[in-house]
Structures are given as C-alpha cells and as structure tokens.
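Right, one structure below, let's go through it.
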Amino acid sequence: MRLSCFHVAPKISLNIITQTLDSIHVFYEKLYKLRPFSFEFTDKTFEKISIEIYTDSLKYIYGFNLKEKRLNDTLRKYNLDVEQTRHVAGLMQSIHCTWVNNLDYYVAKNQHLLTFMSIRPRAFYFPFTNKKYYIITYFSQPQYFDKNGILFDNRRQRQMRRINNDVFRRINDKVAYTISDRFR
C-alpha cells in the first residue's frame, strides 16, 4: 500500500505505518471472523481502550486500561485469542490508530465487508480547530475509481460512492482513504 498522501510525525516512517496498517488489517480480519468486535482508544495517551463485542443478540461495550488483567478475562470470556487481540491493540497504539471496525456494504444485493480504521495525526495540534482523522478502508474486493482516484459505486453508473458521507480516494485497488472530522 502507498500512503504518500499522509503527513505524519517524523518519529515514525511512512513505510512502518504502511506495514503496521496492513498488519492490523490482516490480524483484525482473522479475529473478526471468530467473534465480531471493534476497538477504540479513548484517551490521548493510548492507554485506555474500549472494546465492543457483538453476540447474536447484543453488543457489549467494555472499557479498560491496557495493563488491566480484566481485559484478558473479558477476551477469554468471549472466545477471542488474547495474544492476537492484544497484538492488534499494540499495533494500533504504536501508530495512534484510534479505531478499527468492520462495516458491511452491498454490491448487487451481495453483502461484503470492509475494514475501517481511523488515525489521528499527532504531528500538529492547533487549539480551537476541528480534529481531523485519516480514515483508511480495506475492501474485500477491487473497487472502481475514476481517473482522479475518486471511489465510484461501479464502472457503469459513474456515481461517486460515499462512506459516512465522506469521499474516498485510491491508495490501491482495494484500499482507499479520506480525511474526515469524524473518526467513525
């Protein structure tokens, strides 16, 4: 994946961020197939995490400090691999990825999943301005883009596809990004 569109703090190289995003996607996708869940970091220090765990009928939301043993107990209770789930959280923490989740979308009445991640840039902070997030989407199949790299619904209609009302641009055939004022 090529991420030349991102301006990041000089402490973390663009290559490391790209590899880390790809790793988060791979590990998260495997874990999600076993038990649907999402992660969100809820503080600026990336020590407090919220986990949403989906069952057949309910969504459970838990909040933890990453160092708490209760996190492991909760992961075990819902049959999530503790080591791999914590690995995903550690990868997210390392690049300040605030949220990861899977969203469903439909093409010709067929359901597909995309992995949705948000990253809050940490290079600059301006008080009294809207927060901006880089939103990265990993699609399960190649997508259609126009000559300017804008995500389209399909090849024939030539209609721009919006996700959460945001316009996405091409990174590669299966990965797109946008800059948004919402992390979800």
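Every read-out reported here was derived from the displayed coordinates using simple, explicitly stated rules and does not represent laboratory data. Given the structure is predicted, the values throughout are model-derived calculations rather than measurements. Cβ sites come from the backbone with ideal geometry, for glycine too, and all protein chains shown count toward neighbours.
A Cβ-based charge dipole, computed about the Cα centre of segment 14-180 with Lys and Arg at +1 and Asp and Glu at -1, lands at about 360 debye. Here the peptides 88-97, 73-82, 140-149 are ranked by packing, the mean other Cβ count within 10 Å, and the order with the highest first is 88-97, 73-82, 140-149. Cβ-Cβ distance of ASP81 and ASP146, R₀ of 41 Å, FRET efficiency by 1/(1 + (r/R0)^6): the value works out to about 0.55. In this structure, the amide hydrogen of TYR144, modeled 1.01 Å from its nitrogen in the peptide plane, lies closer than 5 angstrom to those of PHE152, counting only residues at least 5 positions away or on a different chain.
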